[in-house]
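Please read the structure below before turning to the comments.
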Amino acid sequence: MVATLIALTLAAPPDLVKAQKLFDRAQYEKALKALGERCDDEMTRRPCERLRGFVMMALGDEGGARAAFVRWLAEEPEASLGPDVSPKLQALFGAVKREVLELRELTVEPLRLRAGESTWVFRVDKPEVELDGLALFVALPGRESFARVDLRREGDAYTGSASAPAEDGEARYYLVADLSGVPVASGSESAPRSLTVRLAGSAPPPPNGGETSPFDMPGLGAPVPAGDPLPGWALGAMIGGGVVVVAVGVTLALLLTGGSDPGQLEVTVTFRD
Amino acid sequence: MMQRCGLLLVVLGAACGGPALVVHTAVRLDAQLAGEVTSLNVYAFGPERKDGVMLTCPTLMLGDVAPTDKRLDLLDSAVVAVSGGATVTLDEVAAGPNRLVYVEGKNAGGVVIANGCTEYIKVEEGASSEVEVDVYRLQ
């Protein structure tokens, strides 16, 4: 406690020190007032949220304590409460920590792209914890900026869609989950996750550190939809490669399904008056 | 009585010069619904769930289980934008006698407003059958 007080004295604004003293005297309402509505100061945010969690719990506001711990752990996922903390607080903190760690590990399932599709469908496995929202920020190959895609809960997953990319390469992304009003990110704009994108008909990219998709296999695709401008060599390659595509796809399907022949459903959408 | 929303999915068996097990599926939309349904989710399932329970069309149609439920034997799926001439291929539909095709129609906001389903679809060499999948507006 003395060490905490010293640390706060050296690094913290006066309100945080005051709040700690008031908390130690069991003057929880005043301690909360001394903390203010938010812990905005970057230097003291973590000890501020930690103390706020203790104060809220003492006031019987478990939801407020939980939110404070979420904000703290979102910045410092390896944080711990330390010794001499009540079992109730330890249990709450431990539960929040597991939730935050789970959200920080969320990933997008491999992106699937086929000929004729103008839309990519993204899918994220639903985490154990209930979310108030989940957003995907994705930068398609060749693009610098991230576009936001709000994901919608569908059964045991969150899904969303975006316009399909026009070129191969690495797609970068990060996810931001809304956990009780607190954003918890998996990846970031400065440290995004990555997915290898390969359009049907193009050569596989060289091995890299990016995530690869089980669907991202040579031959599992179909020609680029008609109507897109294509150089002559590409058109010839696609036509000539069509047989290879089918043959490889059938072979892979046989290997994957233990011998049963794969079939195809070719869906065509038309309008009729 | 369910209101037909004019969306008819016809599954035809035919050979088209590629692999033998190709089933052509034509989706016909009534002009009245063209402005509402902007995309379709098409799913192909095996008949048995991973927990041993048989999958049926009513289960999906009534929303008892989501098409993305991991217990389902999802063979393949795709999204197709509802526009004239758009195509999509599900090319990993394992052969067998009892395949199930489930279709969801979504509006521009991504909300499912219609669905349809057909089961007992044969994806077998030499099979040539016509199967109709009627997509109804959700009640």
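The values are calculated or read from the model by the stated rules, or taken from the named source; none is laboratory data. The model shown is predicted, which means the values in this text are computed figures rather than measured ones. Cβ sites come from the backbone with ideal geometry, for glycine too, and all protein chains shown count toward neighbours.
Let's see how each residue does on (1) charged (D, E, K, R); (2) assigned to a loop (DSSP other than H, G, I, E, B):
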{"position": "A:R38", "(1), (2)": "yes, yes"}
{"position": "A:P47", "(1), (2)": "no, no"}
{"position": "A:L51", "(1), (2)": "no, no"}
{"position": "A:F54", "(1), (2)": "no, no"}
{"position": "A:G60", "(1), (2)": "no, yes"}
Criterion violated by B:T59 - all others in (1) more than 7 Å from chain A (Cβ to nearest Cβ); (2) surrounded by fewer than 15 Cβ atoms within 10 Å (Cβ to Cβ) satisfied:
(2)
Take residues that are within 14 Å of chain B (Cβ to nearest Cβ) and buried (at least 18 other Cβ atoms within 10 Å of the Cβ) and tell me which of the strands (runs of 3 or more DSSP E) falling wholly in region A:123-182 contain 1 or more.
A:133-139, A:147-154, A:157-163
Exclusive hit being within 9 Å of chain A (Cβ to nearest Cβ), at pLDDT 80 or above and in contact with a strand residue (DSSP E or B) (Cβ under 7 Å, 6 or more places away or on another chain), set B:V101, B:V111:
B:V101
Does any residue in region A:69-80 that is part of a loop (DSSP other than H, G, I, E, B) come within less than 8 Å, Cβ to Cβ, of a residue that is loosely packed, with under 14 Cβ neighbours inside 10 Å and among the aliphatic types (A, V, I, L, M) six or more places away or on a different chain, and which pairs are these?
A:P77/A:L101
In region A:99-126, residues that are within 26 Å of B:S39 (Cβ to Cβ) and modelled with pLDDT of 75 or more total 9
Taking into account only those residues within region B:78-98 that are small (G, A, S) and in a loop (DSSP other than H, G, I, E, B), which is modelled with the highest pLDDT?
B:A95
